Amino acid sequence: MNSTSSKTPARALVLAGAGAAGNAWQIGLVAGLAEAGVDLTRAELVIGTSAGSTAAAMITSGTRPAELYAATQAETAPRRPQPGPQPGPQPAAGPGRAPMSAAEYLRWSDEIIAASADAADWRRRMSAAILELDASDEASSRRWHDTVAARLPSQEWPQQRVLITAVDARTAQPVVFDRGSGIQLTDAVAASTSNGTAGAYQLGEHRYINGAYRRGSNADLATGYDRVLVLDPFSGRSRTPLDWGMDLAIQVDELRAAGSSVETVFPDAGAGEVFNATAADPSTRPQAARGGYQQGRALAGSLAGFWG
């Protein structure tokens, strides 16, 4: 972890994406830090992307981190699918009618990345490709809405500032939702967590895709905040070319150049080998949460002075 000097008390917490495992690791980490006296839930700004948007909504709901962690630990861990064809239909990761496996999604999206000239072109191509998968079925998006709603302790936007990222699939333009956007918190999280395995999230005339297509972890949205803490389950990695500016390291350099002190936290070995194509597997959640909790307790001493 690295930091520069602090000037004002404004703190921003960045919660990046990484599927079910990433969400669980973040909840565990926040709970472990809280147990050791470092309360991340009191950040003046919380930025959530994809699975991190779910975590953002959870930790700003007023529910104690220990309760969120206990609920994560109590979840039933389904048996992991074995290699090879699986019997019966496979569950969709988001709205739509044509889900693909995580491994298939990685191969499919790698081809789109390879064909793209830059980040904006990538968003245009990805948006078009995902809309082709989409059933344009309001009922499927409603089911995804209900799935997301069941995960959140509260359906109301918190009083503190929370930003939830997405991309409008019809315009390929990045979108940042907050309590003034005129949509429900659940819809913002559903939009941010929508992904290419099953289509886009329909909200009125709009179709939204995953917030990570905006700029990975979207740490740049914390520009202007004195202290920025980034929890990134994918350890700052990006599958896009470096010159696109999507990598976390580039965003951290930009934040520091603008005067922010920045710390980054990545998973250690205790979270398990889950931060790749298996990140969407719900069976990874208990170990990822336990690993995050123990890591949070261990990091509390070094983060206490930074966070305040």
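Here are a few things to note about the model shown:
- Residues in region 159-170 that are of a type outside the set (A, V, I, L, M) and within 18 Å of the chain's Cα centre (by Cα) were compared, and the one that is farthest from TYR208 (Cα to Cα) is ARG161.
- Selection status of SER127, of a type outside the set (Lys, Arg), out of contact with any helix residue (DSSP H, G or I) (no Cβ under 6 Å at 6 or more places or on another chain) and not in a loop (DSSP other than H, G, I, E, B): yes
- TRP157 being among the aromatic types (Phe, Trp, Tyr), assigned to a helix (DSSP H, G or I) and touching a residue at least 24 places away in the same chain (Cβ under 8 Å): no
- Region 230-248 - residue that is among the charged types (D, E, K, R) and either in a loop (DSSP other than H, G, I, E, B) or open to solvent by less than 10 Å² (accessible area, probe 1.4 Å) (or both) and, of those, farthest from GLY308 (Cα to Cα): ARG239
- In region 275-288 there is no residue that is under 21 Å from TYR105 (Cβ atoms), modelled with pLDDT of 95 or more and touching a Phe, Trp or Tyr at 6+ places or on another chain (Cβ under 8 Å).
- Test: residue in region 69-79 that is modelled with pLDDT of 85 or more and buried (at least 18 other Cβ atoms within 10 Å of the Cβ): yes
- Within region 132-142, the presence of at least one residue that is over 21 Å from MET100 (Cβ atoms) and open to solvent by 30 Å² or more (accessible area, probe 1.4 Å) is confirmed.
- Residues in region 164-213 that are of a type in the set (Gly, Ala, Ser), open to solvent by 30 Å² or more (accessible area, probe 1.4 Å) and in contact (Cβ under 8 Å) with a residue 24 or more places away in the chain: ALA212 alone.
- Scanning region 28-62 for residues that are under 19 Å from THR193 (Cβ atoms) and in a loop (DSSP other than H, G, I, E, B) turns up THR49, SER50, THR60, SER61.
- Enumeration of residues in region 258-267 that are among the hydroxyl-bearing types (Ser, Thr, Tyr) and surrounded by fewer than 21 Cβ atoms within 10 Å (Cβ to Cβ): SER261
- Checking THR63 against (1) among the polar types (S, T, N, Q); (2) modelled with pLDDT under 95; (3) surrounded by fewer than 16 Cβ atoms within 10 Å (Cβ to Cβ), the condition it does not meet: (2)
Here is a yes/no grid of residues against (1) in a helix (DSSP H, G or I); (2) of a type outside the set (Lys, Arg); (3) more than 19 Å from ALA212 (Cβ to Cβ); (4) more than 21 Å from the chain's Cα centre (by Cα):
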{"site": "ILE113", "(1), (2), (3), (4)": "yes, yes, no, no"}
{"site": "ALA120", "(1), (2), (3), (4)": "yes, yes, no, no"}
{"site": "ARG123", "(1), (2), (3), (4)": "yes, no, no, no"}
{"site": "GLU132", "(1), (2), (3), (4)": "yes, yes, yes, yes"}
{"site": "SER140", "(1), (2), (3), (4)": "yes, yes, yes, yes"}
{"site": "ALA149", "(1), (2), (3), (4)": "yes, yes, yes, no"}
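- Per the conditions (1) surrounded by fewer than 18 Cβ atoms within 10 Å (Cβ to Cβ); (2) assigned to a loop (DSSP other than H, G, I, E, B), the sole criterion not satisfied by GLY270 is (2).
Residue by residue, here is whether (1) among the hydrophobic types (A, V, I, L, M, F, W, C); (2) surrounded by fewer than 21 Cβ atoms within 10 Å (Cβ to Cβ); (3) in contact with a strand residue (DSSP E or B) (Cβ under 8 Å, 6 or more places away or on another chain) holds:
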site	(1), (2), (3)
VAL228	yes, no, yes
ILE250	yes, yes, no
VAL274	yes, no, no
ARG285	no, no, no
ALA288	yes, no, no
GLN294	no, yes, no
ARG297	no, yes, no
SER302	no, yes, no
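The values are calculated or read from the model by the stated rules, or taken from the named source; none is laboratory data. Small disclaimer: the values here were computed from a predicted structure and weren't measured. Cβ sites come from the backbone with ideal geometry, for glycine too, and all protein chains shown count toward neighbours. Just the protein is used for accessible areas: all its heavy atoms, side chains included, with ligands, DNA and RNA removed. Shrake-Rupley method; radii C 1.70, N 1.55, O 1.52, S 1.80 Å.
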